[in-house]
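For reference, the structure is listed below as structure tokens.
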Amino acid sequence: MVVYIKYIIGFIIVSSCNFVTPIFAGQQLDEQFISILSIDNNDKHELKIKKTKNNEKNIDELGFILYDLVRKKEFDKIETIIFLYKSDHQHDENLVKYIYAEKALVRREYEIAIGFYNEILAVQPDLPLIEIKLALALIGIKRYEDALLVYQTLLTKYKNKLSVSLSNFISSQIILLETKNHWQGTIKLGASYDFNLNEASNSNNIYCFRSKCMGSSKKAIAGGEWHYSIELSKRYPLLGNHAGQFSFNIVGLEPMKTVSTKKISVLLNGGYQFEGANKKIQLLPIVETKWHDNQYHSLKLGARIAVEYEFTPQVILFGGVELKNKNYIDKYNFNDGNKLSYSLISGYFLNPNLLFFSGIDVIKREKKFKSDSYLQYGTKIGLLTVVDPYKLLVVTGYKYTEFKQFDDYLNTKRSDHNWYLNTQLTLEKHKVLSFTPAVYFNSQINKSTAHIIYSFKQSEVGVNFSKKF
């Protein structure tokens, strides 16, 4: 779910249309592991609780009661009896540490849990349960290489001693962790039909200035477009939570009518990445080139800072700052200049299958002429829901663009109001040659003070087929 959200935020939402651990991954792995233990019902995987000869036998009983409550995650009940258990000098110190570790794991205090698990293993090194719990906690703080080492050591250390289901579970986790550093990506192919390719206002008015006339007396031209994209990314582990990150994207558009232009965009970025238990920071240089009609069009160089923060398993925040310097061929060099973008998006999971989100963004664009330079403010709201086997995305937003200076040619100081709606329905389980199909509808209305030229309505319907690897 979160991987899909990241794609939306990074491509569809932020632009008006890597590996990430799912927010609920730790909980899901924990539940899956516990279910395996329950099926196996194998005592050799469980924590060894020290037996004591006690006529009143309450210390032994308390130990088993506490252990059972831990497995049920009933920590409120534990608090009422653990003090009594610890007051007896014959209590099992490792059980107490295990209780505290499990409590920390549930609270997502992974560093604390790791400390307790390591203390237990220092005294009792042959406890598969604790070693797997340690690996889960290491995954929680994104120390993937350390978790991988724990799992690999487990298979070697307990070869032919683990149950089949537990061995399969560990093997599956090893595969997942190893793929984190493999090339990952998405291939997408599709087609769309635009009802106003030339962004015509359908107005019969013509604007003239100094013997030159222009306007939108022409009617809207509808037509189709083929489009494709390839996204590749790779993580390079450095040390602990630190890693390098590289990505390569190609986006292309092939018009079905000559009114629109063939376009290809290539984006390269790579840099530093830090991942913690509930945060992720990226510092990435950017290189982007574009071609129009098979001819070089522009080059953009810049850098991006992106931050992701999880306040709780239900509340997540994305923020970013990006600066690009744009350089165009001579014919379009009036567009040369800097573009500074800020974005902030917050998401709230009502449940694991329903996300509400909202965001704001600001763009400051400098061009050669002040009349072409502008400041843009935007806001958006939306939802993403999964109703098996479908995913539905709905995003609606508003953008206000204020140009810096009066334009003599337009005879006005231009400002635009733009409203848009993007929707997409993905058919997750209806594969076509291993590709996942999706249908979408996008619509926008632009109202401008330069009404004759820049006001228009536009709608688009399309279908695409994507494959992740």
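Read-outs throughout are calculated quantities, based only on the coordinates presented, and are distinct from any laboratory measurement. A quick note: this is a predicted structure, and the numbers were derived from the prediction, not measured. Here the Cβ is made from the backbone with ideal geometry for all residues, glycine too, and neighbour counts use every protein chain on show.
Values of log10 I(q)/I(0) for segment 363-431 across q = 0.19, 0.20, 0.26 Å⁻¹ run -0.77, -0.81, -1.05, by the Debye formula with one identical scatterer at each alpha carbon and no solvent. Of all lysines in the structure, those lying under 22 Å Cα to Cα from LYS370, and not within fewer than 8 positions of it along the same chain, are LYS212, LYS300, LYS324, LYS326, LYS331, LYS339, LYS399, LYS404, LYS413, LYS447. Averaging Cα coordinates gives a centre for segment 256-308 and one for segment 86-114; these two points are 47 Å apart.
Taking one quarter of the surface of the convex hull spanned by the alpha-carbon atoms of segment 347-469 gives a direction-averaged projected area of 9.9 nm². Taking 0.36 nm per residue of separation and subtracting the current Cα-Cα distance, fully stretching the chain between TYR348 and SER171 would add 60.4 nm.
Computing FRET efficiency as 1/(1 + (r/R0)^6) for VAL266 and ASP336, where r is the C-beta to C-beta distance and R0 is 22 Å, gives about 0.70.
Taken about its Cα centre, segment 234-358 carries a charge dipole of roughly 220 debye when the Cβ of each Lys and Arg holds +1 and the Cβ of each Asp and Glu holds -1.
3J(HN,Hα) along segment 194-201: 9, 7, 8, 4, 8, 6, 7, 8 Hz, from the Karplus curve 6.51 cos²θ - 1.76 cosθ + 1.60 with θ = phi - 60°, whole Hz, x for Gly and Pro. Peptide packing for 144-155, 305-316 was compared via the average number of neighbouring C-beta atoms within 10 Å per residue; ordered from the highest value, the list is 144-155, 305-316.
Taking 37 °C and 0.692 mPa s as conditions, segment 279-398 diffuses translationally at an estimated 196 µm²/s according to Stokes-Einstein applied to its Kirkwood radius (Cα pairs).
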